[in-house]
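Just below is one structure, and these are the notes that go with it.
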Amino acid sequence: MGRLAQTDGLTEIQRDILATVRDFVDKEIIPVATELEHKDEYPTAIVEGMKQLGLFGLTIPEEYGGLGESLLTYALVVEEIARGWMSVSGIVNTHFIVAHMINAHGTQEQKDHFLPRMAAGEIRGAFSMSEPGLGSDVSAISTKGVKDGEFYVLNGQKMWLTNGGTSTLVAVLCKTDEGGSSPYKNMTTFLIEKEAGFGPNPSVPGLTVPGKIEKMGYKGVDTTELVLQDVRVPVNRVLGGVPGRGFYQMMDGVEVGRVNVAARGCGVARRAFELGIAYAQQRSTFGKKIAEHQAIQFKLAEMATKVEAAHQMMVMAARKKDGGERNDLEAGMAKYLASEYCKEVVEDAFRIHGGYGFSKEYEIERLYREAPMLLIGEGTAEIQKMIVGRRLLEEYRIAD
């Protein structure tokens, strides 16, 4: 390892976990990532390896069979996985968000029912908030749940589900109109168990996962729509048992998700830097290695500084959340900084590779297509800046 992106104050257990994951990434992910990505092939063997390592239960409490680790540990693990292949980190991210939401907001029955099997990777979670016409305006949600005795009947269309086909549990945000005049109190999260696969779901009448959405990058992991036509969900599958809390539950999930996306940006940027600095010492122009040209040295210096700054911001955001403090300011800053710096570091590594960077033979080509997803995942840069700006005005408000 180089000296970049080191984290002070880790326990021996945390260091051991990261060393194990780093070894797994170097041996099991990096050698096959580009081939699988070009084929848009689901990384089944890698997922099985992550199950054996216990990564699907990394943050789930020990009483439910998990490792009970912190958000910081999880973020650092995600950084390592994304360094190998960002799509793999997406497979665990939505699972982690759903597990976090159930652990933080679920009823005891929901925790007992879902968390042990989620920790073992037997149940895999997906997170469904966005809709085709929704974007960042969650208050415009139109998928609706109407109570009918001991059930809710759900109708609508959801969009951009990571793991939509391969998951067996989906946390779905719906409008329920039971909370009065505020749109934010009229949303409810439903926990829907389903079978993995595409098309009409055999175990949930009315639920359909149409198929994978074709993407320019972020391949391997399935991204889908979710169509609900008179889907009946029992009232005991309302997250937390009380309707009208869905918006706040989802925002809690998104908050930890933003730390995750920041970690992914850190991992991809670190890999791009590694590729760039290695190639610069191999390629020669005008009679010397291009790493000896001052222009390339300046570029490497800028790249390394961005890798380090993004990593430290991500660590700070995770530690705030782990300490029980509000971290929307830090999470927004971390997500914004890490995703923007990731794009810039990847582009600089691409430029260092010259014409070879445009070839599918070189790994940087894949990273160049993956980085843009981080600019929009878990909220665009503009949304992050809006969150940060509002929080700053709260913190620095002057007396009238």
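The values are calculated or read from the model by the stated rules, or taken from the named source; none is laboratory data. Not measured: the values here are computed from a predicted model. Positions of Cβ are generated from backbone atoms using ideal geometry, with glycine treated the same way; all protein chains shown enter the neighbour counts. Just so you know, the surface numbers come from the protein's heavy atoms only, side chains and all, with ligands and any DNA or RNA stripped out. Shrake-Rupley method; radii C 1.70, N 1.55, O 1.52, S 1.80 Å.
For region 89-122, what are the residues that are of a type in the set (Val, Ile, Thr) and at pLDDT below 95?
Answer for region 89-122, where residues must be of a type in the set (Val, Ile, Thr) and at pLDDT below 95: Ile91, Val92, Thr94, Ile97.
Residue check, Glu41 against (1) outside any helix (DSSP H, G or I); (2) touching a Leu at 6+ places or on another chain (Cβ under 7 Å), all met but one. Which one?
Unmet condition: (2).
Out of all the residues in region 59-66, is one or more among the aliphatic types (A, V, I, L, M) and either surrounded by fewer than 24 Cβ atoms within 10 Å (Cβ to Cβ) or farther than 17 Å from Glu122 by Cβ (or both)?
No: region 59-66 contains no residue that is among the aliphatic types (A, V, I, L, M) and either surrounded by fewer than 24 Cβ atoms within 10 Å (Cβ to Cβ) or farther than 17 Å from Glu122 by Cβ (or both).
List the number of the failed condition for Gly332; all other conditions in (1) buried (at least 21 other Cβ atoms within 10 Å of the Cβ); (2) under 21 Å from Gln6 (Cβ atoms) hold.
(2)
Out of the residues in region 130-154 that are free of Cβ contacts under 8 Å to residues at least 24 places away in the same chain and part of a loop (DSSP other than H, G, I, E, B), which is nearest to the chain's Cα centre (by Cα)?
Within region 130-154, the match that is nearest to the chain's Cα centre (by Cα) is Gly135.
List, please: which pairs have Cβ atoms under 8 Å, are six or more places apart or on different chains, and start with a residue in region 1-29 that is under 23 Å from Ala45 (Cβ atoms) and modelled with pLDDT of 95 or more and end with one that is charged (D, E, K, R) and buried (at least 17 other Cβ atoms within 10 Å of the Cβ)?
Ile17/Glu69; Leu18/Glu80; Val21/Glu80; Arg22/Glu80; Val25/Glu80; Val25/Arg83
If I go through region 376-387 residue by residue, how many of them are open to solvent by 20 Å² or more (accessible area, probe 1.4 Å) and in a helix (DSSP H, G or I)?
6
Being of a type in the set (Gly, Ala, Ser) and surrounded by 18 or more Cβ atoms within 10 Å (Cβ to Cβ): is that true of Ser359 here?
No: the conditions fail for Ser359.
Given the options Arg258, Arg232, Arg264, name the one that is at pLDDT 95 or above and part of a helix (DSSP H, G or I).
Testing whether each residue is at pLDDT 95 or above and part of a helix (DSSP H, G or I) leaves just Arg264.
Mind checking whether some residue in region 101-112 is open to solvent by less than 10 Å² (accessible area, probe 1.4 Å) and not in a helix (DSSP H, G or I)?
No, every residue in region 101-112 fails to be open to solvent by less than 10 Å² (accessible area, probe 1.4 Å) and not in a helix (DSSP H, G or I).
Listed here are the residues, each with its yes/no results for (1) at positive phi; (2) touching a Phe, Trp or Tyr at 6+ places or on another chain (Cβ under 9 Å); (3) modelled with pLDDT of 95 or more.
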{"site": "Glu308", "(1), (2), (3)": "no, no, yes"}
{"site": "Ala317", "(1), (2), (3)": "no, no, no"}
{"site": "Gly323", "(1), (2), (3)": "no, no, no"}
{"site": "Leu329", "(1), (2), (3)": "no, no, no"}
{"site": "Ala338", "(1), (2), (3)": "no, no, yes"}
{"site": "Phe350", "(1), (2), (3)": "no, yes, yes"}
{"site": "Arg366", "(1), (2), (3)": "no, yes, yes"}
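Does any residue of region 313-327 turn out to be in a loop (DSSP other than H, G, I, E, B) and open to solvent by less than 10 Å² (accessible area, probe 1.4 Å)?
yes
Filter region 14-48 down to residues that are closer than 19 Å to Asn93 by Cβ and surrounded by 16 or more Cβ atoms within 10 Å (Cβ to Cβ), then give me how many there are.
Counting residues in region 14-48 that are closer than 19 Å to Asn93 by Cβ and surrounded by 16 or more Cβ atoms within 10 Å (Cβ to Cβ) gives 15.
In region 175-205, what count of residues is obtained for those that are aromatic (Phe, Trp, Tyr) and not in a strand (DSSP E or B)?
Count: 2.
Counting only residues that are open to solvent by less than 30 Å² (accessible area, probe 1.4 Å) and under 20 Å from the mean Cα position of the chain (by Cα), how many does region 201-219 have?
Of the residues in region 201-219, 2 are open to solvent by less than 30 Å² (accessible area, probe 1.4 Å) and under 20 Å from the mean Cα position of the chain (by Cα).
Where the second residue is among the basic types (Lys, Arg) and the first is closer than 23 Å to Ala99 by Cα and lies in region 260-278, which pairs have Cβ atoms under 8 Å and are six or more apart or on separate chains?
Val261/Lys335; Ala262/Lys335; Gly265/Lys335; Gly267/Arg83
Do the conditions hold for Thr73, that is, is it at pLDDT 95 or above, of a type in the set (Ser, Thr, Tyr) and in a helix (DSSP H, G or I)?
yes
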